[in-house]
Amino acid sequence: MPELMADPTQLMQLFQNLIGNAIKFRGAEAPRIHIIAVRKGSEWVFSVSDNGIGFEEGYAEKIFVIFQRVHGRKDYEGTGLVLALCKKIVERHGGRIWAESEPGRGSVFYITMPVRE
């Protein structure tokens, strides 16, 4: 993993939240989570992928809005804060976050962070 000029506590919280969501929204099989970092020009691009339940692509932006939920409260506990917090952390560090998913096939969360030499 690359070294970043960032608040270590917030980065730890960012990745804990994404990994925690991957575990929480897992499918029938054991959760598999992969984290990759690739340098692309002036930024690092991280991907956090899982084999969880996924979501419809139409929700890809809604999931980062505070208190917005894709799944009902009776199916999965939560407040809809985790991904909104992730977005806030990433943007505070000059990056972007987005997700791609397909129901039943998992999700991939992408994060960019600027390279600071």
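Listed values, structure above:
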quantity: Residue ID - modelled with the highest pLDDT, chosen from residues in the range 49-87 that are of a type in the set (Asp, Glu) and assigned to a loop (DSSP other than H, G, I, E, B); calculated: 61
quantity: Residues (of a type in the set (Gly, Ala, Ser) and in contact (Cβ under 8 Å) with a residue 24 or more places away in the chain) located in the range 1-40; calculated: 6, 20, 22, 27, 37
quantity: Residue 23 vs. criteria at pLDDT 85 or above and either over 12 Å from the mean Cα position of the chain (by Cα) or among the hydrophobic types (A, V, I, L, M, F, W, C) (or both); calculated: yes
quantity: Residue count for the range 21-54, restricted to those that are in contact with a helix residue (DSSP H, G or I) (Cβ under 7 Å, 6 or more places away or on another chain), under 17 Å from residue 83 (Cβ atoms) and of a type outside the set (A, V, I, L, M); calculated: 3
quantity: Test for residue 38: is it crowded, with 16+ Cβ neighbours inside 10 Å and among the β-branched types (Val, Ile, Thr); calculated: no
quantity: Among (1) in a helix (DSSP H, G or I); (2) surrounded by 13 or more Cβ atoms within 10 Å (Cβ to Cβ), the one test that residue 26 misses; calculated: (1)
quantity: Checking residue 43 against (1) touching a Pro at 6+ places or on another chain (Cβ under 9 Å); (2) modelled with pLDDT under 95; (3) of a type in the set (Asp, Glu), the condition it does not meet; calculated: (2)
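The values are calculated or read from the model by the stated rules, or taken from the named source; none is laboratory data. All values reported here derive from a predicted model rather than from experimental measurement. We place every Cβ from the backbone using ideal geometry, glycine too, and count neighbours over all the protein chains shown.
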